[in-house]
Amino acid sequence: MLTVNAYAAPSATEPLVPTTIERRDVGPKDVLIEIHYAGICHSDIHTVRGDWGTIAYPQVVGHEIVGVVTEVGADVTKHAVGARVGVGCMVNSCRECENCLAGAEQYCLKGNTGTYAATDRDGTITQGGYSTHIVVDEDFVLRVPESISYEAAAPLLCAGITTYSPLAHWNAGPGKRVAVVGMGGLGHMAVKIAHAMGAEVTVLSQSLSKQEDGLRLGADHYYATSDKATFSDLKNSFDLIINTVSAQLDINAYLKLLALDGTLVNVGAPPEGLPIQVFTLFGNRRSFAGSSIGSIAETQEMLDFCAEHGIAPETELISADYINEAYERVLKSDVRYRFVIDVATIATPAA
Ligand SMILES: [Zn+2]
Ligand SMILES: [Zn+2]
């Protein structure tokens, strides 16, 4: 076992504190990664605060992990010591169910093993990236292309793939009208990626406060959803809508913006249901869909796509002792657009 420094939540209601955690010994198929940066995802906050169900504490979160391989197991072939690598939202799956065999291990029928707060195959609870090292099976480790900086790569591992996967699956590209709901961590990545894919991109945000950013990042149009006229002006106008908002909104009003055979894909995860009027789906033969992260192969494809197109998230680099303040700012949407923790600042806990 390897004892490493980390930042953990002691309970659902207390701030995160420096601590140490144990990492398993490097097995034959494992790589040991020295973590350099970890992004802060809204899911981290939902998880540690118990919004999505009770979890075990102390819990280290973080599933936007980037670093360097420092040790490899005897049977590792995909990653060498010194390689720049990343780890996203999952660290394992059953590998034998229909979905795993189809290369869609994020939809493993036995449940993929989440990077944190999940029961690992050895029965321990997985601990995430707000720590100095992690041990991961090589099959769930991504190569980070040279042209993407470590700091910029981190948010791609969740925010990037969560938006890339539905954009690719529903064929965002030239001639497609794509709307992105919400200009946060996920939304700003969706704008950049959809634009790079060649789609005509519209942002639907609560206000126009981030309009300048949206247009700079690649949006062609920008509308405020607080303005009722937006919903009448844009009726029947999109082939694909990516909803990144994790809160309640009038989903039927958004569905009505879909053109013939259009699809609204939810990647935001509101704790409560979104009531849908079936009659809204009848019109234009509309679809309402969900999408969860992406497969490992697709995540690699996304990283390579971002490298090829020079896509990087907009980040604000913080030290570990700022995590709790950063959480409050994420909850107020006061970040442009992703906090990234400089893991070198994770201090040794007081004895
Ligand atoms: Zn995430
Ligand atoms: Zn499976």
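The values are calculated or read from the model by the stated rules, or taken from the named source; none is laboratory data. Not measured: the values here are computed from a predicted model. Every residue, glycine among them, receives a Cβ derived from its backbone with ideal geometry; neighbour counts consider all protein chains shown. What goes into the accessible areas is simple: the full protein's heavy atoms, side chains included, and nothing from ligands, DNA or RNA. Shrake-Rupley method; radii C 1.70, N 1.55, O 1.52, S 1.80 Å.
Tabulated data for the structure shown
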item: Among S205, S147, V72 - extreme Cα towards positive end, dipole of the chain, charges at beta-carbon; result: S205
item: With every protein chain in place, the chain: carbon and sulfur % of accessible area (1.4 Å); result: 51
item: Max mean-square fluctuation residue, GNM over the chain, Cα-Cα springs under 10 Å, options E146, E316, E301; result: E146
item: Lys, Arg +1 and Asp, Glu -1 on Cβ, resulting dipole of segment 214-272 about Cα centre, debye, nearest 20; result: 100
item: 13 Å beta-carbon shell around L258, net charge (K/R +1, D/E -1); result: +4
item: Sequence-distant lysines (8 or more away, or on other chains) whose Cα lies within less than 22 Å of K176; result: K192, K235, K256
item: GNM top mover of V26, V81, V141 - the chain, alpha-carbon springs below 10 Å; result: V81
item: Dipole moment magnitude, nearest 20 debye, segment 250-351 about Cα centre, only Lys, Arg, Asp, Glu C-beta charged; result: 520
item: Lys, Arg +1 and Asp, Glu -1 on Cβ, resulting dipole of the chain about Cα centre, debye, nearest 20; result: 900
item: Accessible surface, segment 203-328, averaged per residue in Å² (probe 1.4 Å); result: 47
